[in-house]
Amino acid sequence: MASEARLYRVALPMRVGFDHPAARRRTSDSLVLRLTVDDVSGIGECAPRSYVTGETTDSVTEALQRVPLHALFDRLHTTPPTELAAQLRAEGFESTFPELFTHTLGTPPGTNLVCLLETAVLDLLCRQLLLPVGELLFPGAAVLDSVPVSQVLDLSIGVEEFLDTRGPFHFVKVKASDDIERDVRTVAAIRRRLGADVPVMVDANMSWTPRTAAPYARRLREAGMDLVEEPLPRRSWAALRALRQETGVRVLLDESVCTAADARAAVAAGACDAVNVRVSKNGGPVASARLIEYARTEGLGFQIGVQVAETGPLINASRALALRSPGALTVEGGQSDRFFAEADAIVAPWPVVDRRTNTIGPVEGVGFGLRLTDQAVRWTALSWADGRSWLRVASGGGKRFDRGPVGVDRAVPRAP
């Protein structure tokens, strides 16, 4: 019985940059994992961001090489896919495959590592079962015909150009700058152009302080803001509660809520009105689906978001959630068709947005409905087959891998 794994470190050049208070992005930064059991393959993805979870593509690559993949493949070969799928849905990835994380010595694995493994396994199981991933996550749930997506105004584009070129608008997210006067003018301009019916949220990406948060929030609300996203340093529970109580401004949390424990702490502290659900940040589709259900139980709103510059499986993972989770405040939907040239796409069919209506529709096919294209080959970094250790692939993505100080491959620039 053949088993193979292949890791791709994907750094696609972006046609359109993306800037916000926590980062500037000009290339993608994702890990894509392909798992093959006999003649069936599944592909998964994570997009680690150090300012969100503390993880990077380097750290997740190192962590993956410590995972006993032979144990994962043993389970995939010996346990019926129907049984594994049911256990995954009921118990989550870490409880279904505890043998993969014994090396962490009681420390929870990073959410991006779990996401990378879980998305690949879900895609594989669903291909074996001839099911879309959404059906496994939400058995019997109705699939929405279409879902409107939000438009994000980042710091690389002016408000007038944004309003002239990015419509139609269903929900607008404004990335805050370091100039409150600019942000107030931006929100006011959006409100003048779009009227009162389109929600407007300002994402501060943790850049405000307890001293500035209340006056900033009041001024932006007066200009037309409906919600503020992650205004303070992550998990500032008491200060977030005070901001809500003092200003009445609704708060959506993103970086502060990466795990179920974070969500419970935020609710217990009265720190938020809504949460941003992102598959990579929250540890995979199963944990993300559970977070949506928890939000509903607690009367919280939820956004189904994305990491900037996702390249394939993550986009369709979030769409699997969005198309079976009515009532979201908004859905971001992914923007691969805006960020990248189609000729560079590592997956097909290309996950696009209907730009005439700014909506997304159901994903066709089984699993995530995607296959890797020939463009993925250039980003190959590591391979694993039939019980061997990870092998370096020198041609992957313009990088080679050298042995690190603890016996783990680490990325270094490749000589020209």
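If one puts a single equal scatterer on every Cα of the range 1-129 and applies the Debye formula without solvent, what log₁₀ I(q)/I(0) results at q = 0.18 Å⁻¹? Once normalised to I(0) and log-transformed, intensities are -0.99.
The simple Förster model, with R0 at 22 Å and r as the Cβ-Cβ distance, assigns Ala348 and Ala385 a FRET efficiency of 0.35. Applied to the range 113-120, the Karplus parametrisation 6.51 cos²θ - 1.76 cosθ + 1.60 on θ = phi - 60° returns per-residue 3J(HN,Hα) values of 4, 4, 4, 4, 5, 5, 5, 5 Hz, with x for Gly and Pro.
With both labels modelled 7 Å from their Cα along Cα-to-Cβ, the Asp58 to Ala86 distance reads 4.5 nm. Of interest is the spacing of the C-alpha centroids, which for the range 318-335 and the range 46-107 amounts to 25 Å. When the square roots of the Cα gyration tensor eigenvalues are ordered a ≥ b ≥ c, the ratio a/c for the chain is 1.5 or more and a/b exceeds b/c, which makes its shape prolate. With a simple spin-label model that places each label point 7 Å from the Cα along the Cα-to-Cβ direction, the separation between Glu222 and Glu298 comes to 3.2 nm. Taking amide H atoms as placed 1.01 Å from N in the peptide plane, the amide H of Phe302 lies under 5 Å from those of Val275, Leu329, each 5 or more residues away in sequence or on another chain. Charges were assigned to the Cβ only: +1 to each Lys and Arg, -1 to each Asp and Glu. The resulting dipole of the chain about its Cα centre is roughly 780 debye.
Is the range 147-360 best put as rounded, prolate or oblate by its Cα gyration tensor, with a ≥ b ≥ c the root eigenvalues, rounded for a/c under 1.5, and otherwise prolate when a/b is larger than b/c, oblate when not? Since a/c reaches 1.5 but b/c is at least a/b, the shape of the range 147-360 is classed as oblate.
A short reminder: the numbers here are calculations on the coordinates, not readings from a lab. Treat the numbers as computed from the prediction; the structure is a model and nothing was measured. Counting neighbours? That spans all protein chains shown, and the Cβs are built from the backbone with ideal geometry, glycine included.
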